[in-house]
Amino acid sequence: MSQILVINGPNLNMLGKREPEIYGRLTLGDIEKLTQSHAEKLGLRCTFFQSNTEGEIVEAIQSVRDNYDGAIINAGAYTHYSYALRDAIALTDKPFVEVHMSNVFGREDFRHKSVISAVCRGVICGFGASVYTLAADALSSIINPAEIEV
Ligand code: DQA
């Protein structure tokens, strides 16, 4: 089975309580269960990681290089300014899918810019907790590409 890491940045440990009108009422634990059962059906084993600390997130990203087939990342506010996360993703040489639960383009200007998108394979945002399962679908199509029948 392919192995993927799901990396969550600052304040995502507060999901369920944090601004539920924006992020919904599911906790990160709920999202982990949903994503894991969806990923299993795709032949992916996924491990969840969360930290509020930039250096710990850099180390988690680096671990993808030798231990995983790809990753999903919600870098929280670090998305918008952390060149350290960007450089870490680039060195892994593995596919990353960037996700955001909210539609960052409909929010404050500072959320419109991501410094990590360029080193990710794609971005999924605005669909609430479903962004994680949609990202698992996207990663699965990259890691285990199926023959396309026309
Ligand atoms: C977020 C959007 C970011 O702008 C914000 O800082 C977050 C969560 C999202 O999932 O919508 O912490 O990444």
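The values are calculated or read from the model by the stated rules, or taken from the named source; none is laboratory data. The shown structure was predicted, so the numbers you read here are calculated from the model rather than taken from an experiment. Using ideal geometry, Cβ is built from the backbone for each residue, glycine included, and neighbour counts are taken over all protein chains shown. Note: areas computed on protein heavy atoms with side chains; ligands, DNA, RNA excluded. Shrake-Rupley method; radii C 1.70, N 1.55, O 1.52, S 1.80 Å.
Just one of Ala84, Ala77, Ala90 is closer than 13 Å to Ile116 by Cα, surrounded by fewer than 16 Cβ atoms within 10 Å (Cβ to Cβ) and touching a residue at least 40 places away in the same chain (Cβ under 8 Å); which is it?
None of the other options fit; the residue is Ala77.
Could you say which residue among Val131, Val104, Val119, Val97 is touching a Leu at 6+ places or on another chain (Cβ under 6 Å) and not small (Gly, Ala, Ser)?
Answer to the check: Val97.
Out of Ala135, Ala84, report the one residue that is more than 27 Å from Gly16 (Cα to Cα) and among the aliphatic types (A, V, I, L, M).
Result: Ala84 is the single residue among Ala135, Ala84 that is more than 27 Å from Gly16 (Cα to Cα) and among the aliphatic types (A, V, I, L, M).
How about the stretch 1-77: which helices (runs of 4 or more DSSP H) wholly inside it have at least 1 residues that are hydrophobic (A, V, I, L, M, F, W, C) and within 22 Å of Leu91 (Cα to Cα)?
Passing ranges, in order: 54-67.
Within the stretch 9-27, count every residue that is within 11 Å of the ligand (Cβ to nearest atom) and out of contact with any Asp or Glu (no Cβ under 9 Å at 6 or more places or on another chain).
Summing the residues that are within 11 Å of the ligand (Cβ to nearest atom) and out of contact with any Asp or Glu (no Cβ under 9 Å at 6 or more places or on another chain) in the stretch 9-27 gives 9.
Per-residue answers, yes or no, for (1) over 21 Å from Gln3 (Cβ atoms); (2) open to solvent by 30 Å² or more (accessible area, probe 1.4 Å); (3) away from the ligand (no atom under 11 Å from the Cβ); (4) in a helix (DSSP H, G or I):
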position: Phe110; (1), (2), (3), (4): yes, yes, no, yes
position: Ser114; (1), (2), (3), (4): yes, yes, no, no
position: Ala118; (1), (2), (3), (4): yes, yes, yes, yes
position: Gly128; (1), (2), (3), (4): yes, no, no, no
position: Val131; (1), (2), (3), (4): no, no, no, yes
position: Leu134; (1), (2), (3), (4): no, yes, yes, yes
position: Asp137; (1), (2), (3), (4): no, yes, yes, yes
position: Ser141; (1), (2), (3), (4): no, yes, yes, yes
position: Pro145; (1), (2), (3), (4): no, yes, yes, no
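Examine the stretch 42-51 for a residue that is in contact with a Leu (Cβ under 9 Å, 6 or more places away or on another chain), among the aliphatic types (A, V, I, L, M), away from the ligand (no atom under 16 Å from the Cβ) and closer than 17 Å to Ser130 by Cβ, and state whether such a residue exists.
Yes: the stretch 42-51 contains one or more residues that are in contact with a Leu (Cβ under 9 Å, 6 or more places away or on another chain), among the aliphatic types (A, V, I, L, M), away from the ligand (no atom under 16 Å from the Cβ) and closer than 17 Å to Ser130 by Cβ.
If you go through the stretch 14-29 one residue at a time, do you hit one that is under 14 Å from the mean Cα position of the chain (by Cα) and either open to solvent by 60 Å² or more (accessible area, probe 1.4 Å) or closer than 12 Å to Thr133 by Cβ (or both)?
no
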